[in-house]
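The structure under discussion appears below in the form of structure tokens.
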Amino acid sequence: MAEFFAAIAVFLAAHVLPAATGARGFLIARIGRPAYIAAYSVVSLVTIAWVILSALAAPYVELWPPHPAAAWVPVLAMLPSCVLLVAGASQPAPLSISLRGGRPDPRRAGLAAALRHPILWAFFLWAASHLVANGDLVSVFLFGSLALFSLFGMKRLERRAQRNLPAADFAATLAATSGSPARRLRRAASWRALWQILIGALLYAALLHLHGPVIGVAPMDWLR
């Protein structure tokens, strides 16, 4: 259990400290944004893999029994999660986590125009849905902390963007991701949104297929 809590602490520190300490800006200035994003992605993958492996090795303490109804929650939630992950990874998101720099192109909106933080919402859906389906102590700590990390990270990233972006750029990006849900959906509707949905669906199918061999739990078996 100690290794699991250490892995969680390292994962959270790796995602909070670079921005909080100014190391993110320093490294981007030194090695460039693409190199920083590549290194950051490797660190993220390594730390989340450590978290998952240590969670699987931790003692099982049941808080509520598994149930097929609860198993449906991640099966359904992971499709929009995968679509949002693809949308966030393929478009700039100056106010949030982004793999691409710059401002979104309003002429090629895509799904990122509907949500200000597509990657964080994807992460939240993944964590919250798996929290419901897994009723053991480690899962509550794991998925609960990651879900809260996603939610609280949204405002933190917006405050960072407000400090770092020119006022006009911040206001324009804020306006591009504001409005009623219907208005956001109309803004997002485009050919780019269509291929984001298609690639997200392919990613979902791949994760569903690989979940059993990699994690050791086949989601569809719980639905029978």
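The values are calculated or read from the model by the stated rules, or taken from the named source; none is laboratory data. Since the structure is predicted, the reported quantities are computational estimates derived from the model, not experimental observations. FYI the Cβ positions are ideal-geometry reconstructions off the backbone, even for glycines, and counts take in every protein chain you see. Just so you know, the surface numbers come from the protein's heavy atoms only, side chains and all, with ligands and any DNA or RNA stripped out. Shrake-Rupley method; radii C 1.70, N 1.55, O 1.52, S 1.80 Å.
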>> Filter the range 52-95 down to the residues that are over 16 Å from the mean Cα position of the chain (by Cα), in a helix (DSSP H, G or I) and among the β-branched types (Val, Ile, Thr) and list them by number.
In response: Val73, Val75
> Which condition number does Ala175 fail, the rest of (1) out of contact with any Gly (no Cβ under 8 Å at 6 or more places or on another chain); (2) farther than 18 Å from Ser44 by Cβ; (3) free of Cβ contacts under 8 Å to residues at least 60 places away in the same chain; (4) surrounded by 15 or more Cβ atoms within 10 Å (Cβ to Cβ) being met?
Replying inline: (4)
> Looking at the range 190-212, is at least one residue surrounded by 17 or more Cβ atoms within 10 Å (Cβ to Cβ), among the hydroxyl-bearing types (Ser, Thr, Tyr) and closer than 30 Å to Leu56 by Cβ?
Replying inline: yes
>> As an exercise: evaluate Val43 against (1) in contact with a helix residue (DSSP H, G or I) (Cβ under 8 Å, 6 or more places away or on another chain); (2) over 22 Å from Val140 (Cβ atoms); (3) surrounded by fewer than 13 Cβ atoms within 10 Å (Cβ to Cβ) and give the number of the one condition it does not meet.
In response: (3)
>> Can you tell me how many residues within the range 127-145 are within 17 Å of Ala49 (Cα to Cα) and open to solvent by 50 Å² or more (accessible area, probe 1.4 Å)?
In response: 1
>> Let me spell it out: the conditions are (1) closer than 19 Å to Ala218 by Cα; (2) surrounded by fewer than 20 Cβ atoms within 10 Å (Cβ to Cβ); (3) not basic (Lys, Arg), and Ser81 meets all of them except one. Which number is the exception?
In response: (2)
> Which condition number in (1) under 27 Å from Ala93 (Cα atoms); (2) part of a loop (DSSP other than H, G, I, E, B) is the one that Phe143 fails?
Replying inline: (2)
> Among the residues of the range 46-60, which ones are in contact with a helix residue (DSSP H, G or I) (Cβ under 8 Å, 6 or more places away or on another chain) and open to solvent by less than 60 Å² (accessible area, probe 1.4 Å)?
Replying inline: Thr47, Ile48, Val51, Ile52, Ser54, Ala55, Ala58
